[in-house]
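K.L.:
Got a structure for you, written out below as structure tokens; questions coming shortly.
Laboratory data are not the source of any read-out in this text; all were calculated from the coordinates shown. This one's a predicted model, so the numbers in the text were calculated from it and none came from an experiment. Every residue, glycine among them, receives a Cβ derived from its backbone with ideal geometry; neighbour counts consider all protein chains shown.
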Amino acid sequence: MAKIAPLSGFPELLPEQRVVEREIIASLSRTFELHGFANIETRVVEPIDRLAKGGEIDKEIYVLQRLAADADSKAELGMHFDLTVPFRATSPEHAGKLEFPFRRFQIQPAWRGERPQEGRYRQFTQADIDIVGRDTLGFHHDVEVVRVMVEALGALPLPPLSFRVNNRKLIRGFYRGLGIADVTTAIKVIDKLDKLPAETVAAQLVEQAGATPEQAEQCLRLATIRVADTSFVEKVRALGVEDEVLDTGPEELAAVIAGCASATSARVTVEANLRIARGLDYYTGTVLEVFMAGYERLKSVGGGGRYDALASDGKTTYPGVGVSFGVSRTLIPLIADGVLDGSRKVPSAVLVAVTDEADRDASTAVATALRKSGVACELSADAAKFGKQIRAAERRGIPFVWFTRADGSHRVKDIRSGEQVEADPSTRTPPAADLRPQVIKKENQ
RNA sequence: GUGGGUAUAGCUCAGCUGGUAGAGCGCCGCCUUGUGGUGGCGGAUGUCGUGGGUUCAAGUCCCGUUACUCACCCCA
């Protein structure tokens, strides 16, 4: 794997790599906007007590403090570790000026002080969509938000992705109907099924969640259900467990699976996967994780779900549902592996050659004409031999070199094909595909 | 936070039991007379991460340190 981070956990992209990130962010933004999501950017810091919730993640919060702060003063500001928690926490703050249900997308970096690894960074960019309601939020938004992310990711040049969806009401109801003592712990234990062997998980269900061996066995049976359609409903019913919430859970999950079906493709699949639980405790209904083929080692590249009561100002609660996509987690490994790259290091589509330093103005005039028609271009840095100027263009990935001759005539050369033709700077424009840097995807890497 | 590994040219790395640094790629020049890519010939580049120790002699051995990296934990 190529090295991208000179400062561990704080990756920096080179210009052509940044092309990949920018184009992908632009594509995501377009899809989100097509669905009416407004963009916001929130402050990077929050008062620590709004971020810290007593969980594991608290230890990873970076704090922000003046260098000249008193030695005994306590830091008050922490940098956000994701985009959802601060968004939900601050929604009540702007509630008077927002229209509910409020739908927004947000693409920003977040910070976590953990040990960096492939796909895990101390600074990373996330793309989030959420819909937040006031007091109530219709369930159909669960379907909507998942579907929007399916469409958004389906439009990207990535390896195949799979959305694995579950519903907390389904598993909670099932566990409760079974009579398991500690349902919350049982969910957390089941979540480890991908890492630990089934027997170990069963043993932990008995030890930690107060389940009987028979109940643990039933939990595992539920967790192995995994289908790409709504047939899971029958499979759950066949296990013969009864509980009042166990009716709505499967219904909701079935609605999400059915609602996304027409947006799936070879590139993005959506399945009901009853072992998906998610470690975070604020999810109340829909939960999902996204995985990328060939990159299972990264764990999920996205995730989200429904949370009914994360934000509240005392009188009003703000239920929401959202999905986030790990832009850095996904792209940096793909770039490092050579699967994705930018088509060039510079925005310029044309390098205007300089014949003679005394004649640089002639080249400037050509560049000005090209820019008037929206063609990004730059002048050669010096009036070196044409061979060198062409080579300079080639190294930057600039597809065209423009030559101006003493008699005022012009020629433009496509340096990929070597083809060179007469051209007029005021009317000539490169093919659309060459106007902007593109994301190049290499297969079989 | 816990436990491993690595650190030599711009990049990827070699350097055996200590004897005053090397390859490939890249870069620069020439063949090529202002139009690159292939080919041939030639050339430049290193405080061998850093501080100390052992030794006549350290890239090589020992200790410290820093950085990077992998796994666990957790997650995007």
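K.L.:
Just to check, using Stokes-Einstein with a Kirkwood Rh over alpha carbon pairs, what's the diffusion coefficient of the stretch A:15-342 at 25 °C and 0.890 mPa s in µm²/s?
P.N.:
Values: Rh = 20.8 Å.
D, rounded to a whole number, is 118 µm²/s.
K.L.:
Using +1 on the beta carbon of Lys and Arg, -1 on that of Asp and Glu, and nothing else charged, what's the dipole of the stretch A:124-282 about the Cα centre, debye to 20?
P.N.:
The dipole magnitude comes to about 380 debye.
K.L.:
Quick check on chain A: helices-only [θ] at 222 nm, where DSSP H runs of length 4 and up contribute -39,500 (n - 2.57) each and the sum goes over total residues. Nearest 500, please. Mind showing how you got there, number by number?
P.N.:
On the way: 14 runs with 153 residues, N = 445.
Rounded to the nearest 500, the figure is -10500 deg cm²/dmol.
K.L.:
Moving on to the next point. Pick out, from A:321, A:342, A:365, the residue whose Cα sits farthest towards the positive end of the charge dipole of the stretch A:277-389, with +1 on the Cβ of Lys and Arg and -1 on the Cβ of Asp and Glu.
P.N.:
Comparing the listed Cα positions along the dipole, A:321 ranks first.
K.L.:
Using the Kirkwood radius built from alpha carbon pairs, what does the Stokes-Einstein equation give as D for the stretch A:350-433 at 25 °C and 0.890 mPa s, in µm² per second?
P.N.:
D, rounded to a whole number, is 195 µm²/s.
K.L.:
Also: Which of A:163, A:87, A:10 has the fewest other C-beta atoms within 10 Å, and how do the rest follow up to the most?
P.N.:
Sorted ascending by nearby Cβ count, the order is A:10, A:87, A:163.
K.L.:
Check cross-link reach from residue A:169 to the lysines: straight Cα distance under 22 Å, and skip same-chain residues fewer than eight apart.
P.N.:
A:188, A:192, A:235
K.L.:
Give the peptides A:262-268, A:20-26, A:212-218 in descending order of average Cβ contacts within 10 Å, highest first. Show your work: numbers first, answer last.
P.N.:
Details: A:262-268: 14.6, A:20-26: 18.6, A:212-218: 16.6.
Per-residue Cβ counts within 10 Å, averaged per peptide and sorted highest first, yield A:20-26, A:212-218, A:262-268.
K.L.:
Sequence neighbours fewer than 8 away in the same chain don't count; with that in mind, list the lysines whose C-alpha is under 26 Å from residue A:74.
P.N.:
A:53, A:59
K.L.:
Nearest 0.05, what FRET efficiency do residue A:443 and residue A:231 give at R0 = 56 Å with Cβ-Cβ as r?
P.N.:
0.95
K.L.:
Calculate the dipole size of chain A relative to its Cα centre from +1 charges on Lys and Arg beta carbons and -1 charges on Asp and Glu beta carbons; express the result in debye to the nearest 20.
P.N.:
1000 debye
K.L.:
Please get the size of the charge dipole for the stretch A:350-433, origin at its Cα centre, with Cβ charges of +1 on Lys and Arg and -1 on Asp and Glu, quoted in debye to the nearest 20.
P.N.:
With only Lys, Arg, Asp and Glu charged at Cβ, the dipole is about 320 debye.
K.L.:
List the lysines whose alpha-carbon lies under 26 Å from that of residue A:388, not counting same-chain residues fewer than 8 positions away?
P.N.:
A:345, A:413
K.L.:
Relative contact order for chain A using alpha-carbon pairs under 8 Å, separation at least 6, rounded to a whole percent?
P.N.:
For chain A, the relative contact order is 17 percent.
K.L.:
By DSSP, what percent of the beta bridges with both residues in the stretch A:15-342 are antiparallel, rounded to the nearest 5? Intermediate values should be presented prior to the final figure.
P.N.:
On the way: 44 of 51 bridges.
For the stretch A:15-342, the DSSP antiparallel bridge percentage is about 85.
K.L.:
Between A:351, A:259, A:83, whose Cα lies farthest towards the positive end of the dipole of chain A when Lys and Arg beta carbons carry +1 and Asp and Glu beta carbons carry -1, centred on the Cα centre?
P.N.:
A:351
K.L.:
Apply 1/(1 + (r/R0)^6) to the Cβ-Cβ distance of residue A:115 and residue A:384, taking R0 = 45 Å, and write down the FRET efficiency to the nearest 0.05. It would help to have the intermediate numbers written out before the result.
P.N.:
Details: r = 48 Å, r/R0 = 1.06.
So, using R0 = 45 Å, E works out to roughly 0.40.
K.L.:
Ranked from highest to lowest mean number of other Cβ atoms within 10 Å per residue, what is the order of the peptides A:136-142, A:385-391?
P.N.:
Descending mean neighbour count gives A:136-142, A:385-391.
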